[in-house]
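Derivation of every value follows stated rules applied to the coordinates shown; laboratory data play no part. Because the structure is a prediction, the values reported are computed rather than measured. Don't worry about glycine lacking a Cβ; one is built from the backbone with ideal geometry, like all the others, and counts go over all protein chains shown.
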Amino acid sequence: MNIKYKLISAFFKQKSKLECHNVLVTTNFYYKNLSENNKNIFRIRTLIFIWTTNFNSEPQFSLNNKMKIIISSAFVQITFGLKINTLDKFNNIFITPRSYSYKNNKTLFDGDVNLYTKKINMSWPAIEKGFKIPDDAMNLSIHEFGHCLIFENSTRSYLSKIFKEKNFDQWKKQAEYKFQKIKLNKNKVLRDYAGTNLIEFFSVSLEAFFEKPEYFEKNEPKLYLSMVKLLKQDPRKKLNPIIKSISDI
């Protein structure tokens, strides 16, 4: 573990770190396969995210530490190769006990990112299902955090961008091409919902990137490589997915 996370680790109680490990090793497939050093870093980053995020739920629904750890692990998983530990704008997460709807709208939602309130809303049953089935390319938490990264990246100054501009442009070029394939029903890696718009395309791609990396790379190698460069990690390398240089790809 590098010096930065060793120093931060000292601020968290051993009990909290042990609880975090016990939850993650039984619920997060990505974490379970990491090397011990990477597990240590992942735990600290998960605790940092929890500490800097406001979690809330309906009064009658009990939101416990295990739930917070599971939800936070999705953010850490996505950003494990990046230098971002927290969200600046979307740091309020509201968990519901079931699917929900908005006033004057009968549509039921399992999750959404509200640009007006800067709040992430998710239903717990859908969150839990996303982690119980780790290889179906469907994970609500990863999906919604994907939206947050796109929205925050677009509002940050050049020097504080989440993604390197060059890498984001390369991904976008691939995404726009594959987006058209989906509209023509010529894609078999990403589910049809990716054809809604490029923001949804990114989040659906994230789900497949982490839950079906080998299948993704085999069938859409250029898009997969663009995501490896964008996120600076390759989930196929389970022990140490982080990409430090182009030679690691």
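Structural remarks
- Listed peptides 54-61, 74-81 by packing density, highest first (mean Cβ within 10 Å): 74-81, 54-61
- Largest GNM mean-square fluctuation among Lys119, Lys83, Lys129, using the chain with Cα springs under 10 Å: Lys83.
- Calculated [θ] (222 nm, deg cm²/dmol) that DSSP helices of n ≥ 4 give over the chain, each run adding -39,500 (n - 2.57): -16500 deg cm²/dmol
- For the chain, built as a Gaussian network whose Cα springs stay under 10 Å, the top-fluctuating residue of Met122, Met227, Met67: Met67
- Over 20 Å apart at the Cα level, from the set Lys132/Lys238; Lys15/Lys238; Lys68/Lys238, are Lys15/Lys238; Lys68/Lys238.
- Integer Hz, Karplus 6.51/-1.76/1.60 couplings in order for the range 233-239, x for Gly and Pro: 7, 10, x, 5, 8, 5, 5
- Under the span-like rule (Cα at least 18 Å along the axis, Kyte-Doolittle mean at least 0.0), DSSP H helices of the chain: 65-78, 140-155, 198-211
- Between the beta carbons of Tyr177 and Lys106, assuming R0 = 45 Å, the FRET efficiency works out to 0.80 to the nearest 0.05.
- Under 15 Å of direct C-alpha separation, and excluding same-chain neighbours fewer than eight residues apart, Lys164 reaches these aspartates and glutamates: Glu152.
- Here the relative contact order of the range 36-128, from alpha carbon pairs under 8 Å that lie six or more residues apart, stands at 27 percent.
- All Cα-Cα separations within the range 4-112 were binned at 5 Å from zero, giving a P(r) of 2, 11, 21, 22, 19, 11, 7, 4, 2, 1, each value a whole percent of the pairs.
- Backbone amide hydrogens, once placed in the peptide plane, bring Arg156 within less than 5 Å of nothing, excluding anything fewer than 5 places away on its chain.
- Links that overshoot a 31 Å alpha carbon limit, given the list Lys66/Lys181; Lys183/Lys229; Lys4/Lys118; Lys83/Lys183: Lys66/Lys181; Lys83/Lys183
- Candidates Ser72, Ser62, Ser205, ranked by Gaussian network fluctuation over the chain, Cα under 10 Å, top entry: Ser62
- Compactness index (Cα Rg / 2.2 N^0.38 Å), the range 189-249: 1.10
- Partners of Lys188 within straight-line reach, counting lysines whose Cα lies under 21 Å from its Cα and excluding those fewer than 8 residues away in the same chain: Lys172, Lys173, Lys178, Lys212, Lys218, Lys222.
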